[in-house]
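The values are calculated or read from the model by the stated rules, or taken from the named source; none is laboratory data. Everything quoted here is computed from the prediction, not taken from an experiment. All Cβ positions, glycine included, derive from the backbone under ideal geometry; neighbour counts span all protein chains shown.
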Amino acid sequence: MITDNLYNKLNSYLPVEEMIKIKTAFKFANKAHRGQKRKSGHDFIVHPVEVAYHLARLELEPNVIVAGLLHDVIEDTNTTNKEIEKKFGIEVSKLVSSLTKLNITEDNIDEHVEKKNLRNFLVSMAEDVRVAIIKLADRLHNVETLQYLDKEKRQKIAKETLSIHAPIADKIGMNDFKWRLEDESFKYLMPNEFKLTSKLIKQKREEREIATKRMISQIEERLSTENISVSVSGRPKHLFSVHNKLQRYKQLGRNFSDIEDLIAIRIVVKNTKDCYLVLGVIHELWRPVTGSFDDYISSPKDNLYQSLHTVVINDQGQKIEFQIRTDAMHLYAEDGMASHWKYKNTLHDNNKDLYHDINWTQNLLEWETEIVEDSEYLESVNNDILSDKVIVNSPKNEVFTLPIGSTPLDYAYRLHTDLGHSCQAAFVNGVLVPLNKKLNNGDTVQIQKSDLDNGPSLDWLNENLGFIATANARNKVKSWFKKRERTENIKRGKDQILSNIRLSNIETSEININDFIDKDSFETFAYKVGTGEVNNEEIINLINQQQAQETVKKINSKSKNNEEKYDPISSIVVMGGKDFQNKIANCCEPVYGDEIVGYKLSSNEVIIHRIMCSQLRNRENTNRFLVAAWGHSKQLTPTKVMIEAYDRMGLIRDITDVVWGEKTNLHSINSSEDNQNGTCKIQLTVYTRDLGQIIRLLGKMEKTPGVYKVSRIE
């Protein structure tokens with residue numbers, strides 16, 4: 001059964017009552033994914049089970065395992081978050097919801113989507129490290145099954161894994177995941193180099209293993225006489241790390257045989273004191289290599305990794321690395337932040353929120369609000385978080401890590417954006433230095449602010465001058481100049497709009513400037529004008545439309561007080577009966593003064609048409625025609641008019657002036673332009689008293705400059 005390995009591992013550390021919830025989650029996911037297949041041809045459920053197994057290897061708490069089983073159900077099935085919350089609780093639903101936002105699939109290679117998903121991944125990790133742990137387990141199974149994808153997708157996913165996921169696994173201390181991600185990706189991204197490295201390592205594997213076993217026996221025997229309880233094991237270096245070291249050696253003119261630590265001997269003890277005692281014993285047994293000792297216990301790595309490292313030369317002249325740490329250090333060295341979420345873990349109970357105190361996770365959240373572009377955000381992460389570091393101090397002895405090559409300006413922007421913008425001078429170890437001086441490990445840096453609000457210098461963005469090394473500082477300087485440029489463009493655009501309003505001979509008070517654009521704010525519209533994205537002609541058209549709307553509002557508001565209720569039927573007289581129910585025809589909409597005729601339906605209804613209505617021409621039953629005539633009426637009737645004209649500035653205003661001059665109620669007005677011919681069509685609906693008023697109105701419209709055709713729409 002596909003769950004055998006998973007359940008066997010879970011049974012080794014979880015009680016029966018916890019297993020019930022996990023088995024329920026599997027059944028839920030299996031039902032939801034039923035019928036779905038992976039590229040491999042396997043049932044889709046195999047993937048979440050393998051993800052859960054990778055999490056179970058870390059002996060993580062049940063909610064994390066459940067979330068691993070359910071991580072794809074919202075995205076790939078009809079399951080809702082409410083269903084998950086109801087069945088498995090709010091904590092699981094939040095984890096699954098966060099993972100759903102990170103919808104990177106084996107088919108998804110769109111660059112824009114990938115960048116957005118990677119950004120979501122990093123932000124989610126900063127908010128809850130468990131999201132990142134589950135996503136890394138998801139990515140690990142994906143790279144373990146890359147053989148089922150085509151070459152382009154394999155290489156793209158492998159490259160992304162090596163540049164983002166493996167470094168993130170390293171950053172949160174999950175070394176086991178890091179090595180697995182690297183070696184699986186290495187296999188597909190650089191297949192020739194992978195085969196070569198594997199071959200080189202195999203050549204002397206037996207010889208190295210014999211030497212390692214001999215040294216392990218020697219150290220165990222010696223430490224037993226010192227009454228130090230230890231666990232000793234040998235671990236070969238992983239292929240990708242050996243490949244990287246080989247590349248560095250080639251640059252130095254050295255060979256593969258010069259690599260000194262293809263196998264590391266790991267010694268795990270009970271307490272920190274014993275770490276240093278064991279170190280002394282090792283150096284008594286074998287000669288240490290000068291400059292090869294690192295104390296990561298007193299000075300932990302960025303990811304909180306702690307251990308003593310030393311390289312010694314054995315009796316056969318081979319260089320072997322030793323790593324010495326406590327049980328707690330070893331747990332963290334293998335699983336990193338994931339160790340805080342182990343089921344009933346006692347080693348780190350007091351440090352469950354430790355990852356919140358790591359300043360680089362805070363940077364991920366700060367940059368989310370500061371940096372708009374996904375590409376710039378990822379550049380900041382790669383450059384400022386995942387690269388090699390230099391450690392500097394503030395005057396208050398606070399420790400800060402920066403990428404190698406960083407300057408006092410990078411340090412200033414790291415402390416605060418405004419401090420960077422106003423940086424005037426810098427002191428390193430008490431000495432005034434140029435702002436582009438490269439910082440070294442252990443430097444104490446002090447920034448002097450300027451009292452003036454001049455902002456950063458454009459020279460800081462000149463890469464040749466070397467003022468800034470970090471993407472974070474560079475993006476903040478760029479943002480400052482973009483904001484200043486935007487402000488200037490908005491002002492330029494507003495001035496241009498107001499100038500066009502004045503040229504249109506319109507009082508500014510008559511125009512509601514902020515209503516120019518339906519989908520855009522006026523400020524954004526003004527910015528587009530200021531940058532030339534919107535031209536003068538478009539501004540004029542918008543002014544005309546706005547003015548026409550204001551005119552219609554005025555006319556309608558003035559007419560409402562005098563307008564009688566419209567009821568044209570009451571004035572019509574139909575010969576041949578008194579009890580007819582008269583109705584105006586929709587096809588020709590006759591108005592007072594038109595020659596009309598009645599058409600009797602089979603009922604008592606009579607439909608009133610214009611006598612020239614085309615709808616009456618084909619009527620065969622002439623017995624239904626009845627003589628009809630208008631009585632005296634001053635009631636208003638709607639009339640649709642089409643105006644065709646050469647487009648010009650102020651045309652709509654002139655036409656609405658004609659309507660208002662005839663004391664006619666304008667109901668609606670619409671226009672469409674033909675930019676190729678420079679013409680336009682304007683359709684309006686007016687309420688008129690009689691045919692005479694319509695004729696006068698159309699005549700005046702025909703005389704309007706630019707108008708070449710006016711017609712009444714039937």
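With the structure loaded, tell me whether LYS578 is at pLDDT below 70 and under 25 Å from THR656 (Cβ atoms) or whether it fails that test. Please lay out each step first, then the result.
Working: at pLDDT below 70: yes; under 25 Å from THR656 (Cβ atoms): no.
No.
Looking only at segment 614-630, count how many residues are part of a helix (DSSP H, G or I) and among the polar types (S, T, N, Q).
So the first thing to find is which residues in segment 614-630 are part of a helix (DSSP H, G or I), and the list is 614-616, 622-624.
Applying the additional criterion that residues be among the polar types (S, T, N, Q) yields 614-615, 622-623.
Residues in segment 614-630 being part of a helix (DSSP H, G or I) and among the polar types (S, T, N, Q): 4 in total.
What's the number of the only condition in (1) at pLDDT 85 or above; (2) surrounded by 15 or more Cβ atoms within 10 Å (Cβ to Cβ); (3) of a type outside the set (Gly, Ala, Ser) that LEU285 fails to meet?
For LEU285, the exception is condition (2).
Output the residues belonging to segment 579-624 that are surrounded by 14 or more Cβ atoms within 10 Å (Cβ to Cβ) and more than 24 Å from THR637 (Cα to Cα).
ARG624 - this is the single residue of segment 579-624 that is surrounded by 14 or more Cβ atoms within 10 Å (Cβ to Cβ) and more than 24 Å from THR637 (Cα to Cα).
Give segment 673-695 a look and list any residue that's surrounded by 15 or more Cβ atoms within 10 Å (Cβ to Cβ), out of contact with any Leu (no Cβ under 7 Å at 6 or more places or on another chain) and not in a strand (DSSP E or B), or say none.
Residues satisfying the conditions are ASP690, LEU691, GLN693, ILE694.
When only residues in segment 79-91 that are touching a residue at least 24 places away in the same chain (Cβ under 8 Å) and either touching a Ser or Thr at 6+ places or on another chain (Cβ under 7 Å) or assigned to a loop (DSSP other than H, G, I, E, B) (or both) count, which is nearest to PHE177 (Cα to Cα)?
Taking segment 79-91 as the starting set, the residues that turn out to be touching a residue at least 24 places away in the same chain (Cβ under 8 Å) are 79, 87-89, 91.
Next, from what is left, pick out any that are either touching a Ser or Thr at 6+ places or on another chain (Cβ under 7 Å) or assigned to a loop (DSSP other than H, G, I, E, B) (or both): 79, 89.
Details: THR79: 30, GLY89: 28 Å.
The selected residue is GLY89.
Please pick out the residue among ILE172, ILE133, ILE164 that is more than 16 Å from ILE263 (Cβ to Cβ), assigned by TED's automatic domain parsing to the domain that holds LEU69, out of contact with any Phe, Trp or Tyr (no Cβ under 6 Å at 6 or more places or on another chain) and surrounded by fewer than 21 Cβ atoms within 10 Å (Cβ to Cβ).
Values: ILE172 fails: surrounded by fewer than 21 Cβ atoms within 10 Å (Cβ to Cβ); ILE133 fails: surrounded by fewer than 21 Cβ atoms within 10 Å (Cβ to Cβ).
Going through ILE172, ILE133, ILE164 in turn, the sole match is ILE164.
Within segment 644-663, can you find the residues that are in a loop (DSSP other than H, G, I, E, B) and in contact (Cβ under 8 Å) with a residue 60 or more places away in the chain?
Filtering segment 644-663 down to residues in a loop (DSSP other than H, G, I, E, B) leaves 647-650, 662-663.
If the condition is that a residue be in a loop (DSSP other than H, G, I, E, B) and in contact (Cβ under 8 Å) with a residue 60 or more places away in the chain, then MET649, GLY650 are the ones that fit.
Based on this model, can you work out whether LYS483 counts as loosely packed, with under 15 Cβ neighbours inside 10 Å, under 27 Å from PHE525 (Cα atoms) and not small (Gly, Ala, Ser)?
Working: loosely packed, with under 15 Cβ neighbours inside 10 Å: yes; under 27 Å from PHE525 (Cα atoms): yes; not small (Gly, Ala, Ser): yes.
Yes.
Between a residue in segment 283-298 that is outside any strand (DSSP E or B) and any residue that is small (Gly, Ala, Ser), which pairs come within a Cβ distance under 6 Å, given they are 6 or more apart or on different chains?
That search, which allows pairs on different chains as well, returns TYR296/SER307.
Yes/no matrix, rows are residues, columns are (1) closer than 22 Å to LYS583 by Cα; (2) among the acidic types (Asp, Glu); (3) at pLDDT 85 or above:
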residue: ASN623; (1), (2), (3): yes, no, no
residue: VAL627; (1), (2), (3): yes, no, no
residue: LYS634; (1), (2), (3): yes, no, no
residue: LYS640; (1), (2), (3): yes, no, yes
residue: ILE652; (1), (2), (3): no, no, no
residue: GLY661; (1), (2), (3): no, no, no
residue: THR664; (1), (2), (3): no, no, no
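Please verify whether TYR7 is assigned to a loop (DSSP other than H, G, I, E, B), of a type in the set (Phe, Trp, Tyr) and either out of contact with any Pro (no Cβ under 9 Å at 6 or more places or on another chain) or at negative phi (or both), treating the condition exactly as stated. Talk me through it step by step, then tell me what you get.
On the way: assigned to a loop (DSSP other than H, G, I, E, B): no; of a type in the set (Phe, Trp, Tyr): yes; either out of contact with any Pro (no Cβ under 9 Å at 6 or more places or on another chain) or at negative phi (or both): yes.
No.
Take the residues of segment 182-222 that are within 30 Å of VAL281 (Cβ to Cβ) and of a type in the set (A, V, I, L, M, F, W, C): which is surrounded by the most Cβ atoms within 10 Å (Cβ to Cβ)? Show your work before the answer.
Kept after step one, since they are within 30 Å of VAL281 (Cβ to Cβ), are these residues of segment 182-222: 201, 204-222.
Filter once more, keeping what is of a type in the set (A, V, I, L, M, F, W, C): 201, 210-211, 215-216, 219.
Details: ILE201: 20, ILE210: 11, ALA211: 19, MET215: 24, ILE216: 16, ILE219: 19.
The extreme case among them is MET215.
Would you check which residues across segment 27-67 are among the aromatic types (Phe, Trp, Tyr), part of a helix (DSSP H, G or I) and within 30 Å of ASP150 (Cα to Cα) and list them?
At the first step, the residues of segment 27-67 found to be among the aromatic types (Phe, Trp, Tyr) are 28, 44, 53.
Within this subset, residues satisfying the condition of being part of a helix (DSSP H, G or I) are 28, 53.
Of everything in segment 27-67, just one residue is among the aromatic types (Phe, Trp, Tyr), part of a helix (DSSP H, G or I) and within 30 Å of ASP150 (Cα to Cα), namely TYR53.
Is it fair to say VAL311 is at pLDDT 80 or above, buried (at least 18 other Cβ atoms within 10 Å of the Cβ), outside any helix (DSSP H, G or I) and not assigned by TED's automatic domain parsing to the domain that holds LEU58?
On the way: at pLDDT 80 or above: yes; buried (at least 18 other Cβ atoms within 10 Å of the Cβ): yes; outside any helix (DSSP H, G or I): yes; not assigned by TED's automatic domain parsing to the domain that holds LEU58: yes.
Judged against the criteria, VAL311 is a match.
Scan segment 397-448 residue by residue and report those that are among the polar types (S, T, N, Q) and under 23 Å from ASN464 (Cβ atoms). Talk me through it step by step, then tell me what you get.
At the first step, the residues of segment 397-448 found to be among the polar types (S, T, N, Q) are 397, 401, 406-407, 417, 422, 424, 429, 436, 440-441, 444, 446, 448.
Those that are among the polar types (S, T, N, Q) and under 23 Å from ASN464 (Cβ atoms): SER406, THR407, GLN424, ASN436, ASN440.
When the residues of segment 380-417 are narrowed to those that are among the charged types (D, E, K, R) and modelled with pLDDT of 75 or more, which ends up farthest from VAL477 (Cα to Cα)?
Across segment 380-417, the extreme among qualifying residues is LYS396.
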